[in-house]
Amino acid sequence: MTTDIPPIPKLMTLERHILEGERQHPEATGVFSSILHNISLAAKLVWREVTKAGLVNILGQTDRMNITGDVMKKLDIFADQTIYRAMDHGGHLCVMASEENEDLLQIPDGYRRGKYVLLYDPLDGSSNIDANITIGSIFSIFRRVSRSGPGKHKDVLQPGDRQVAAGYLLYGSSMMLVYCTGHGVHGFTLDPSVGEFLLSHPNIRIPVRGPIYSVNEGNASRWDPAVRRYIEYLKEEDNATGRPYSQRYVGSLVADVHRTLLYGGVYCYPADTKHTAGKLRLTYECNPLAYIVENAGGAASDGHRRIMEIEPEALHQRTPLFIGSREEVRLAERFLNG
Ligand code: AFP
(Lines give C-alpha, C1' and ligand atoms only; values in the text may rest on other atoms or scores of the structure.)
Protein backbone atom coordinates (compact mmCIF):
# COMPACT_ATOMS: atom_id res chain seq x y z
CA MET A 1 0.00 0.00 0.00
CA THR A 2 1.44 3.45 -0.99
CA THR A 3 2.04 5.64 2.12
CA ASP A 4 2.97 8.96 0.41
CA ILE A 5 -0.57 10.22 0.10
CA PRO A 6 -0.49 13.63 1.73
CA PRO A 7 -2.87 13.80 4.72
CA ILE A 8 -6.13 15.35 3.54
CA PRO A 9 -6.96 18.24 5.87
CA LYS A 10 -10.20 17.85 7.88
CA LEU A 11 -12.78 19.05 5.34
CA MET A 12 -14.61 21.59 7.45
CA THR A 13 -17.39 23.26 5.53
CA LEU A 14 -19.19 26.32 6.87
CA GLU A 15 -22.36 24.35 7.60
CA ARG A 16 -20.48 21.61 9.42
CA HIS A 17 -18.52 24.20 11.44
CA ILE A 18 -21.69 25.99 12.54
CA LEU A 19 -23.48 22.72 13.36
CA GLU A 20 -20.49 21.47 15.39
CA GLY A 21 -20.41 24.85 17.14
CA GLU A 22 -24.11 24.60 17.98
CA ARG A 23 -23.70 21.03 19.23
CA GLN A 24 -21.40 22.42 21.92
CA HIS A 25 -24.22 24.73 23.06
CA PRO A 26 -27.37 22.78 24.03
CA GLU A 27 -29.36 26.04 24.02
CA ALA A 28 -28.59 26.49 20.31
CA THR A 29 -31.62 26.02 18.03
CA GLY A 30 -29.98 25.60 14.61
CA VAL A 31 -31.21 29.05 13.58
CA PHE A 32 -27.68 30.39 13.11
CA SER A 33 -26.75 27.69 10.67
CA SER A 34 -29.80 28.60 8.62
CA ILE A 35 -29.19 32.37 8.82
CA LEU A 36 -25.49 32.01 7.96
CA HIS A 37 -26.31 29.52 5.23
CA ASN A 38 -28.69 32.03 3.60
CA ILE A 39 -26.16 34.87 3.94
CA SER A 40 -23.44 32.73 2.36
CA LEU A 41 -25.79 31.81 -0.50
CA ALA A 42 -26.57 35.49 -1.16
CA ALA A 43 -22.84 36.24 -1.04
CA LYS A 44 -22.08 33.60 -3.66
CA LEU A 45 -24.63 35.26 -5.97
CA VAL A 46 -23.06 38.67 -5.34
CA TRP A 47 -19.59 37.22 -5.89
CA ARG A 48 -20.71 35.78 -9.26
CA GLU A 49 -21.78 39.29 -10.39
CA VAL A 50 -18.61 40.88 -8.96
CA THR A 51 -16.34 38.46 -10.82
CA LYS A 52 -17.97 39.15 -14.16
CA ALA A 53 -18.54 42.85 -13.45
CA GLY A 54 -16.07 43.95 -16.13
CA LEU A 55 -17.80 41.84 -18.76
CA VAL A 56 -21.44 42.68 -18.30
CA ASN A 57 -23.32 45.91 -17.94
CA ILE A 58 -23.27 45.94 -14.15
CA LEU A 59 -20.44 48.38 -13.62
CA GLY A 60 -21.05 52.06 -13.26
CA GLN A 61 -23.44 54.26 -11.39
CA THR A 62 -27.19 54.69 -11.33
CA ASP A 63 -28.91 58.05 -10.99
CA ARG A 64 -30.02 57.06 -7.48
CA MET A 65 -28.46 58.26 -4.19
CA ASN A 66 -28.73 56.44 -0.84
CA ILE A 67 -29.69 58.01 2.48
CA THR A 68 -26.04 58.80 3.34
CA GLY A 69 -25.48 60.69 0.11
CA ASP A 70 -23.55 58.02 -1.79
CA VAL A 71 -24.38 57.60 -5.48
CA MET A 72 -25.69 54.04 -5.77
CA LYS A 73 -23.83 51.67 -8.05
CA LYS A 74 -25.67 48.99 -9.99
CA LEU A 75 -23.84 46.34 -8.01
CA ASP A 76 -24.84 48.03 -4.73
CA ILE A 77 -28.49 47.60 -5.61
CA PHE A 78 -27.99 44.06 -6.87
CA ALA A 79 -26.19 43.10 -3.64
CA ASP A 80 -28.77 44.84 -1.46
CA GLN A 81 -31.73 43.14 -3.11
CA THR A 82 -30.01 39.74 -3.30
CA ILE A 83 -29.25 39.70 0.43
CA TYR A 84 -32.78 40.88 1.25
CA ARG A 85 -34.34 38.21 -0.98
CA ALA A 86 -32.15 35.48 0.48
CA MET A 87 -33.09 36.46 4.04
CA ASP A 88 -36.77 37.47 3.88
CA HIS A 89 -38.41 34.03 3.86
CA GLY A 90 -36.36 31.90 6.27
CA GLY A 91 -38.66 32.63 9.20
CA HIS A 92 -35.77 33.68 11.48
CA LEU A 93 -35.84 37.46 11.13
CA CYS A 94 -38.37 40.02 12.30
CA VAL A 95 -36.76 42.96 10.45
CA MET A 96 -33.69 44.00 8.45
CA ALA A 97 -31.89 47.25 7.73
CA SER A 98 -29.20 48.14 5.21
CA GLU A 99 -26.95 50.97 4.09
CA GLU A 100 -28.91 51.32 0.84
CA ASN A 101 -32.34 51.82 2.43
CA GLU A 102 -33.43 54.85 4.40
CA ASP A 103 -35.82 52.92 6.63
CA LEU A 104 -36.39 49.47 8.05
CA LEU A 105 -36.76 46.53 5.66
CA GLN A 106 -39.79 44.62 6.87
CA ILE A 107 -40.39 40.90 6.32
CA PRO A 108 -43.03 40.60 3.56
CA ASP A 109 -46.52 39.68 4.74
CA GLY A 110 -47.12 35.99 4.30
CA TYR A 111 -43.66 35.08 5.55
CA ARG A 112 -43.08 33.96 9.16
CA ARG A 113 -41.21 36.43 11.39
CA GLY A 114 -38.55 35.19 13.76
CA LYS A 115 -36.68 36.49 16.80
CA TYR A 116 -33.57 37.84 15.06
CA VAL A 117 -32.63 41.17 13.46
CA LEU A 118 -30.18 41.57 10.53
CA LEU A 119 -28.29 44.76 9.65
CA TYR A 120 -26.01 44.78 6.62
CA ASP A 121 -23.78 46.84 4.36
CA PRO A 122 -24.46 45.02 1.08
CA LEU A 123 -21.35 46.25 -0.75
CA ASP A 124 -18.64 48.00 1.20
CA GLY A 125 -16.01 49.87 -0.78
CA SER A 126 -18.25 50.31 -3.77
CA SER A 127 -16.15 53.22 -4.97
CA ASN A 128 -13.51 50.59 -5.74
CA ILE A 129 -15.76 48.32 -7.80
CA ASP A 130 -14.93 49.75 -11.22
CA ALA A 131 -11.22 49.50 -10.44
CA ASN A 132 -11.52 45.78 -9.61
CA ILE A 133 -10.22 46.31 -6.04
CA THR A 134 -11.34 44.12 -3.13
CA ILE A 135 -14.81 44.97 -1.82
CA GLY A 136 -17.07 43.20 0.66
CA SER A 137 -20.35 42.80 2.52
CA ILE A 138 -20.73 43.25 6.29
CA PHE A 139 -23.49 41.86 8.55
CA SER A 140 -24.60 42.12 12.15
CA ILE A 141 -27.20 39.98 13.99
CA PHE A 142 -29.15 40.79 17.16
CA ARG A 143 -32.11 39.25 19.01
CA ARG A 144 -35.26 41.33 18.72
CA VAL A 145 -36.24 43.46 21.74
CA SER A 146 -39.76 44.31 20.56
CA ARG A 147 -42.28 41.70 21.59
CA SER A 148 -43.96 40.58 18.36
CA GLY A 149 -45.17 41.63 14.90
CA PRO A 150 -43.11 43.65 12.43
CA GLY A 151 -39.72 44.75 13.76
CA LYS A 152 -39.33 48.22 15.22
CA HIS A 153 -36.59 50.83 15.27
CA LYS A 154 -35.56 49.75 18.77
CA ASP A 155 -34.68 46.35 17.29
CA VAL A 156 -32.04 47.86 15.00
CA LEU A 157 -30.81 50.56 17.44
CA GLN A 158 -29.14 48.23 19.93
CA PRO A 159 -25.57 48.77 21.22
CA GLY A 160 -23.01 46.50 19.55
CA ASP A 161 -22.39 44.59 22.80
CA ARG A 162 -25.80 42.97 22.25
CA GLN A 163 -24.83 41.39 18.92
CA VAL A 164 -25.21 37.60 18.88
CA ALA A 165 -23.23 37.19 15.66
CA ALA A 166 -21.45 39.25 13.02
CA GLY A 167 -19.27 38.77 10.00
CA TYR A 168 -18.10 39.94 6.62
CA LEU A 169 -17.55 38.67 3.11
CA LEU A 170 -14.50 39.58 1.07
CA TYR A 171 -14.73 39.69 -2.73
CA GLY A 172 -11.04 39.76 -3.63
CA SER A 173 -8.44 37.44 -5.20
CA SER A 174 -10.52 34.73 -3.55
CA MET A 175 -13.82 34.96 -1.73
CA MET A 176 -13.78 34.70 2.05
CA LEU A 177 -16.36 34.66 4.83
CA VAL A 178 -15.23 35.60 8.33
CA TYR A 179 -17.77 35.19 11.12
CA CYS A 180 -18.17 35.02 14.88
CA THR A 181 -21.05 33.86 17.08
CA GLY A 182 -19.18 34.65 20.29
CA HIS A 183 -17.03 31.48 20.18
CA GLY A 184 -13.96 32.57 18.28
CA VAL A 185 -13.46 34.25 14.91
CA HIS A 186 -13.23 31.86 11.96
CA GLY A 187 -12.37 32.42 8.29
CA PHE A 188 -13.60 30.33 5.37
CA THR A 189 -12.45 30.47 1.76
CA LEU A 190 -14.80 29.59 -1.08
CA ASP A 191 -13.67 26.68 -3.25
CA PRO A 192 -15.46 27.69 -6.45
CA SER A 193 -14.95 24.23 -7.97
CA VAL A 194 -17.29 22.72 -5.36
CA GLY A 195 -19.11 25.92 -4.35
CA GLU A 196 -18.30 25.28 -0.67
CA PHE A 197 -16.81 27.55 1.98
CA LEU A 198 -13.98 25.58 3.57
CA LEU A 199 -12.36 26.49 6.91
CA SER A 200 -9.04 28.15 6.04
CA HIS A 201 -8.44 30.44 9.04
CA PRO A 202 -9.65 28.77 12.27
CA ASN A 203 -9.79 30.80 15.47
CA ILE A 204 -8.16 34.01 14.20
CA ARG A 205 -6.26 36.00 16.86
CA ILE A 206 -5.13 39.54 16.03
CA PRO A 207 -1.55 40.41 17.07
CA VAL A 208 -1.46 42.61 20.20
CA ARG A 209 0.64 45.16 18.31
CA GLY A 210 1.43 45.72 14.64
CA PRO A 211 3.60 48.21 12.71
CA ILE A 212 0.95 49.04 10.07
CA TYR A 213 -1.38 52.03 10.12
CA SER A 214 -4.27 52.55 7.70
CA VAL A 215 -5.88 55.97 7.26
CA ASN A 216 -6.83 58.31 4.40
CA GLU A 217 -4.06 60.89 4.92
CA GLY A 218 -5.66 63.01 2.25
CA ASN A 219 -7.90 64.24 5.07
CA ALA A 220 -4.95 65.27 7.32
CA SER A 221 -5.54 69.03 6.90
CA ARG A 222 -9.05 68.53 8.28
CA TRP A 223 -7.99 66.48 11.30
CA ASP A 224 -7.92 67.56 14.93
CA PRO A 225 -4.33 68.46 15.97
CA ALA A 226 -4.29 65.47 18.37
CA VAL A 227 -5.02 63.09 15.47
CA ARG A 228 -2.27 64.72 13.40
CA ARG A 229 0.19 64.34 16.31
CA TYR A 230 -0.76 60.65 16.61
CA ILE A 231 -0.22 59.88 12.91
CA GLU A 232 3.01 61.92 12.86
CA TYR A 233 4.21 59.90 15.87
CA LEU A 234 3.71 56.62 13.94
CA LYS A 235 5.87 57.99 11.12
CA GLU A 236 8.84 59.06 13.30
CA GLU A 237 12.07 57.03 13.22
CA ASP A 238 12.55 54.96 16.43
CA ASN A 239 13.72 51.34 16.26
CA ALA A 240 12.85 50.61 19.90
CA THR A 241 9.12 51.10 19.18
CA GLY A 242 9.19 49.70 15.65
CA ARG A 243 8.60 53.08 14.07
CA PRO A 244 8.09 54.29 11.44
CA TYR A 245 5.05 52.08 10.80
CA SER A 246 4.15 51.07 7.24
CA GLN A 247 1.10 52.68 5.71
CA ARG A 248 -1.57 50.69 3.87
CA TYR A 249 -4.98 51.97 2.66
CA VAL A 250 -7.27 50.13 0.24
CA GLY A 251 -10.27 52.39 0.72
CA SER A 252 -12.56 49.42 1.35
CA LEU A 253 -13.09 49.23 5.11
CA VAL A 254 -13.69 45.47 5.04
CA ALA A 255 -10.40 44.85 3.19
CA ASP A 256 -8.38 47.21 5.41
CA VAL A 257 -9.83 45.63 8.59
CA HIS A 258 -9.29 42.09 7.30
CA ARG A 259 -5.59 42.82 6.67
CA THR A 260 -5.36 44.43 10.12
CA LEU A 261 -6.99 41.34 11.70
CA LEU A 262 -4.35 39.04 10.15
CA TYR A 263 -1.20 41.22 10.31
CA GLY A 264 -1.99 43.53 13.24
CA GLY A 265 -1.82 47.31 13.29
CA VAL A 266 -4.57 49.92 13.30
CA TYR A 267 -7.22 51.26 10.90
CA CYS A 268 -8.51 54.75 11.60
CA TYR A 269 -11.24 56.93 10.17
CA PRO A 270 -11.16 59.94 12.54
CA ALA A 271 -13.72 62.68 12.61
CA ASP A 272 -12.60 65.76 10.67
CA THR A 273 -13.91 69.17 9.66
CA LYS A 274 -15.81 67.56 6.72
CA HIS A 275 -16.97 64.39 8.50
CA THR A 276 -17.58 66.01 11.91
CA ALA A 277 -19.14 62.82 13.33
CA GLY A 278 -16.78 60.55 11.39
CA LYS A 279 -17.62 58.97 8.01
CA LEU A 280 -18.30 55.32 8.78
CA ARG A 281 -21.74 54.05 9.79
CA LEU A 282 -22.06 52.70 13.35
CA THR A 283 -24.80 50.06 13.01
CA TYR A 284 -23.84 48.12 9.87
CA GLU A 285 -20.14 48.92 9.40
CA CYS A 286 -18.44 49.64 12.76
CA ASN A 287 -20.46 47.46 15.19
CA PRO A 288 -20.04 44.16 13.29
CA LEU A 289 -16.32 44.76 12.64
CA ALA A 290 -15.83 45.77 16.29
CA TYR A 291 -17.51 42.48 17.35
CA ILE A 292 -15.17 40.48 15.13
CA VAL A 293 -11.99 42.33 16.13
CA GLU A 294 -12.75 42.31 19.87
CA ASN A 295 -13.54 38.57 19.76
CA ALA A 296 -10.16 38.08 18.06
CA GLY A 297 -8.41 39.86 20.95
CA GLY A 298 -8.29 43.37 19.47
CA ALA A 299 -10.06 46.64 20.22
CA ALA A 300 -12.45 49.10 18.52
CA SER A 301 -12.98 52.66 19.74
CA ASP A 302 -14.30 56.03 18.63
CA GLY A 303 -11.15 57.45 20.19
CA HIS A 304 -12.69 57.80 23.62
CA ARG A 305 -14.95 54.77 24.27
CA ARG A 306 -15.62 51.28 22.92
CA ILE A 307 -17.63 51.31 19.71
CA MET A 308 -19.91 48.56 21.05
CA GLU A 309 -20.89 50.64 24.10
CA ILE A 310 -22.37 53.39 21.93
CA GLU A 311 -26.20 53.54 22.15
CA PRO A 312 -27.30 54.13 18.53
CA GLU A 313 -29.80 56.98 18.09
CA ALA A 314 -30.26 56.68 14.32
CA LEU A 315 -29.98 53.83 11.84
CA HIS A 316 -27.44 55.58 9.60
CA GLN A 317 -25.51 57.47 12.31
CA ARG A 318 -21.78 57.85 11.79
CA THR A 319 -18.90 57.47 14.23
CA PRO A 320 -15.11 57.95 14.24
CA LEU A 321 -13.33 54.58 14.22
CA PHE A 322 -9.99 53.33 15.57
CA ILE A 323 -9.87 49.54 15.22
CA GLY A 324 -7.21 46.85 15.35
CA SER A 325 -4.49 45.59 17.70
CA ARG A 326 -5.30 46.34 21.33
CA GLU A 327 -2.03 48.19 22.05
CA GLU A 328 -2.36 50.29 18.89
CA VAL A 329 -5.93 51.39 19.67
CA ARG A 330 -4.92 52.22 23.25
CA LEU A 331 -2.03 54.31 21.87
CA ALA A 332 -4.43 56.26 19.61
CA GLU A 333 -6.76 56.87 22.57
CA ARG A 334 -3.85 58.19 24.65
CA PHE A 335 -3.08 60.79 21.95
CA LEU A 336 -6.75 61.75 21.54
CA ASN A 337 -7.34 62.07 25.27
CA GLY A 338 -4.18 64.13 25.74
P1 AFP B 1 -18.20 53.24 -0.20
O2 AFP B 1 -18.85 51.94 0.13
O3 AFP B 1 -19.17 54.34 -0.46
O4 AFP B 1 -17.11 53.11 -1.23
O5 AFP B 1 -17.46 53.78 1.12
C6 AFP B 1 -16.45 53.06 1.52
C7 AFP B 1 -16.20 53.41 3.01
O8 AFP B 1 -17.34 53.49 3.73
C9 AFP B 1 -15.24 52.39 3.59
O10 AFP B 1 -15.32 51.16 3.01
C11 AFP B 1 -13.89 53.01 3.37
O12 AFP B 1 -12.97 52.63 4.33
C13 AFP B 1 -14.16 54.50 3.41
O14 AFP B 1 -15.53 54.68 3.08
C15 AFP B 1 -13.31 55.21 2.41
O16 AFP B 1 -13.55 56.58 2.55
P17 AFP B 1 -12.56 57.63 1.89
O18 AFP B 1 -12.73 57.46 0.42
O19 AFP B 1 -13.07 58.95 2.41
O20 AFP B 1 -11.18 57.34 2.36
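In order along the range 161-176, the Karplus-derived 3J(HN,Hα) couplings, from 6.51 cos²θ - 1.76 cosθ + 1.60 at θ = phi - 60°, round to 4, 8, 4, 9, 6, 7, x, 8, 10, 10, 10, x, 4, 9, 9, 10 Hz, and Gly and Pro are given as x. What the chain shows is 45 Å² of accessible area per residue, with the surface traced by a 1.4 Å probe over protein heavy atoms. Looking at the chain as a GNM with Cα springs under 10 Å, which of Val178, Val257, Val208 has the largest mean-square fluctuation? Its mean-square fluctuation being the largest, the pick is Val208. With θ taken as phi - 60° and the Karplus curve 6.51 cos²θ - 1.76 cosθ + 1.60 applied, the whole-hertz 3J(HN,Hα) list for the range 223-239 is 6, 5, x, 5, 5, 4, 4, 4, 5, 4, 4, 5, 9, 6, 7, 6, 3 Hz, x standing for glycine and proline. Take the convex hull of the alpha carbons in the range 78-124; its mean projected area over all directions comes to 3.0 nm².
If the Kirkwood radius is taken over C-alpha pairs of the chain, then at 4 °C and 1.567 mPa s the Stokes-Einstein diffusion coefficient equals 63 µm²/s. For the chain, the number of Lys pairs with C-alpha atoms closer than 25 Å, counting only pairs eight or more positions apart or on separate chains, is 14.
Can you tell me the convex hull volume per residue for the range 94-207, based on C-alpha atoms, in Å³ to the nearest whole number? Working shown, then result.
On the way: hull volume 17.9 nm³, N = 114.
Cα-based convex hull of the range 94-207, divided per residue, equals 157 Å³.
For the chain, the longest piece that avoids every one of the GluC sites (Glu not before Pro) found in DSSP loops with at most 11 other C-beta atoms within 10 Å covers 103-235. Just checking the listed ones, Asp191, Asp76, Asp272: in the Gaussian network model of the chain with Cα springs under 10 Å, the one fluctuating most is Asp191.
Element breakdown for the chain at a 1.4 angstrom probe: carbon and sulfur atoms account for 52% of the accessible area.
Rounded to the nearest Hz, the phi-derived 3J(HN,Hα) couplings of the range 295-311 under the Karplus curve 6.51 cos²θ - 1.76 cosθ + 1.60 (θ = phi - 60°) are 5, 9, x, x, 9, 9, 9, 8, x, 10, 8, 5, 4, 7, 9, 5, 7, where x marks glycine and proline.
Calculate the dipole size of the chain relative to its Cα centre from +1 charges on Lys and Arg beta carbons and -1 charges on Asp and Glu beta carbons; express the result in debye to the nearest 20.
Values: 37 positive and 40 negative charges, 85 e Å.
Using Cβ point charges on Lys, Arg, Asp and Glu, the chain gives about 400 debye.
The chain: longest stretch without exposed trypsin sites (Lys or Arg not before Pro) (DSSP loop, at most 11 other Cβ within 10 Å), sites themselves excluded? Each step should come with its number before you reach the end.
Details: sites that count: Lys10, Lys52, Arg112, Arg147, Lys274, Arg305.
Value returned for the longest uninterrupted segment is 148-273.
Taking amide H as placed 1.01 Å from N in the peptide plane, Met12 has its amide H under 5 Å from the amide H of Leu199, each at least 5 places away in sequence or on another chain.
Where both bridge residues fall in the chain, DSSP classifies roughly 80% of the beta bridges as antiparallel.
Annotation: amide H-H contacts under 5 Å for Gly298 (H modelled 1.01 Å from N, sequence separation of 5 or more, or interchain): Ile206.
Put simply, the amide H of Val185, placed in the peptide plane, has neighbours under 5 Å in Asn203, Ile204, leaving out anything fewer than 5 places away on its chain.
Under the 0.36 nm per residue contour assumption, what length would be gained going from the current alpha-carbon distance of His201 and Thr273 to full extension? Before the final figure, lay out each step's value.
Details: separation 72, 0.36 × 72 = 25.92 nm, distance 3.91 nm.
Gain on stretching His201 to Thr273: 22.0 nm.
Projecting the Cα positions of Val31, Val250, Leu41 onto the charge dipole of the chain (unit charges on Cβ atoms of Lys, Arg, Asp and Glu, taken about the Cα centre) puts Val31 furthest along the positive direction.
The values are calculated or read from the model by the stated rules, or taken from the named source; none is laboratory data. Source: prediction; values computed, not measured. Note that each Cβ is placed from the backbone with ideal geometry, even for glycine, and that neighbours are counted across all protein chains shown. Only protein heavy atoms, including side chains, enter the accessible area calculation; ligands, DNA and RNA are left aside. Shrake-Rupley method; radii C 1.70, N 1.55, O 1.52, S 1.80 Å.
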